[in-house]
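Notes for the one structure printed next.
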Amino acid sequence: MCMPMTGRRLSSLLAYVTTAATGASLLTGCGVLPGATGGSREPVTVMTWAPDQTRATNMPGMPAMAQTYARWVNSQGGIDGHELRVLTCNEQNTTAGAAACARRAVREKAVAVVGSYSQNGRAFMAPLEAAGIPYIGGYGIAEDEFTSPLSYPVNGGVASLVAGHGMQLAGSCDRVSLVRPDTTAGDKLPELLDSGLHKASHRGAVDIPALEDAAEYTEQAGRARTRAGDEKGCVTAVLGERTQTFFDSFRRLPREERKQKATVRISSVLGSVDQPVIDRTGGPHSPFEGAYVTGWYPEAGDKSWAPMRKVIQEFAFADNRVDPADAGVQTTWIAYTVLKEVVENLHQDEITATEISHALDRGERIDTGGLTPSLRWKYEDLLGAPGFTRIVNHEVTFQVVRQGRLVAQKPGFVDVGETVLSAP
């Protein structure tokens, strides 16, 4: 039964997170939201999932950002008067975990899955498609995110990052070694990197597959350094959370006397290397100092992130999982920005999954405040690249690590659409 709430008690209730045995949680409230005009509008229930405490890449900041966003928007009266309820789920980096999260979203009548991370696209998209639930702003790691008609990606995924990274490296590197996961998704990365390198008539990269959950990478690091050569060689690793492990192995390689002065530059893409990783590995003294990094969004210090930073400061409650420089947190913020604009524009007492997907398909144009180009998913906006047909944002940013900070190597966005299209 609902009891009358003071402002303090209601804020506490909205901040309360209950954890189910499955590792999922639900942020909810009871009664009229602060600032709402009445209690007649139905709550909007969504889900955000990501792997946590696994041996491979973990993204705990994404569900934590979703909960933070819900606390903030509910304190403002919800989204157009609708209380935002956020379910979270540990996807566990497994097909079974991804499918279980998707089935729970269906069972709990979620109207969208928002700002989530999973490599197991086939496992989660099938249940969502069967229930007509849109997938908004996934991280961009699974191919199904860019082929399913119910997926609405906010970035160009790893495809745009890696193709753009080839463009970024082409002007500075004579030879490039690419260390990437020995997985089906990883098999596509050499062609994408080469498509960027070939924009400058550059030779292709040396492909070095590696286990994505290895404890060390000494063998792969040695091969990568040798094949990159002594003169203007570059070693790039795209191994998600294990990229730091790879470059630690790379740093520990013994150097022959003749190579003492050799300069081998390292590089990666956002999500494999980001500001939190640089901070953890020494900041200005990090092994990533001087590294090239390709990102989806403006650097973390850009003023466009100020609204997100304010929300995190006021509503994350010192939750250290919610790092404003984390690419997963940033993607989740943008994904919820999309959801908010769509619900506000629908302006209805009850919001359904079908209405959200239809609004996006009709060409709802979303302004993300300069964090991306304006987003729209009409047919004519889709890039249509084989395997990545749903890309609508094919712009990236070129960054570099200077004095321990990721900063812009060149201002603004770089369009990599043609480069992605040219990949085999």
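The values are calculated or read from the model by the stated rules, or taken from the named source; none is laboratory data. This structure is a prediction, so every number in the text was calculated from the model and none was measured. When we count neighbours, we look across all protein chains shown, and the Cβ atoms used for this are built from the backbone with ideal geometry, even at glycine. Accessible surface areas use protein heavy atoms only, side chains included; no ligands, DNA or RNA. Shrake-Rupley method; radii C 1.70, N 1.55, O 1.52, S 1.80 Å.
For the reader, a short list of remarks on this structure follows.
- Sulfur and carbon atoms: percent of accessible area, the range 41-81 [1.4 Å]: 38 percent
- 18 Å reach of a label modelled at THR147, 7 Å along Cα-to-Cβ, counting backbone N of the range 96-132: 99, 118-130
- The Cα atoms of the chain define a convex hull whose projected area, averaged across directions, is 19.7 nm².
- Gain on full extension, evaluated as 0.36 nm per residue between ASP302 and ARG252 minus their Cα-Cα distance, stands at 14.6 nm.
- Kirkwood hydrodynamic radius over Cα pairs of the range 359-424, then Stokes diffusion coefficient at 37 °C and 0.692 mPa s, in µm²/s: 241 µm²/s
- Estimated at 0.36 nm per residue, the fully extended path between THR183 and PHE317 surpasses their Cα-Cα distance by 44.5 nm.
- Computed [θ] at 222 nm, helices only, for the chain once each DSSP H run of length n ≥ 4 contributes -39500 (n - 2.57): -10000 deg cm²/dmol
- A Förster distance of 56 Å, applied to the separation of the beta-carbon atoms of HIS358 and VAL407, puts the FRET efficiency at 0.85.
- For the range 263-272, Karplus couplings with θ = phi - 60° (6.51, -1.76, 1.60), whole Hz, Gly/Pro x: 10, 10, 8, 9, 7, 6, 10, 4, x, 8
- The range 72-158: Rg to Rh, with Rh as the Kirkwood radius over Cα pairs: 0.99
- Rolling a 1.4 Å probe over the protein heavy atoms of the range 197-259, with every protein chain left in place, gives an accessible area that is 44 percent carbon and sulfur.
- For the range 141-271, the fraction of alpha-carbon pairs in successive 10 Å shells from zero, as %: 13, 43, 32, 10, 2, 0
- Backbone HN-Hα couplings from phi across the range 172-179 [Karplus 6.51/-1.76/1.60, Hz, Gly and Pro as x]: 10, 10, 7, 9, 10, 9, 10, 9
- Contact order normalised by residue count of the chain, Cα under 8 Å, 6+ apart, percent: 18 percent
- Entry note: the range 300-413 has Rg to Rh equal to 1.01, where both radii use alpha-carbon atoms and Rh is the Kirkwood radius.
- Cα pair distances exceeding 27 angstrom across the range 231-373, given as percent: 41 percent
- Residue-normalised accessible area of the chain, expressed per residue, 1.4 Å probe, Å²: 42 Å²
- Pairwise label distance in nanometres, SER40 with ALA170, each label 7 Å out on the Cα-Cβ vector: 5.8 nm
- Over the range 169-288, Cα pairs under 8 Å with separation of 6+ residues give a relative contact order of 27 percent.
- Over the range 95-210, the pair-distance histogram of Cα-Cα distances with 5 Å bins from zero comes to 2, 12, 20, 18, 14, 11, 10, 7, 4, 2, 0 percent, rounded to whole numbers.
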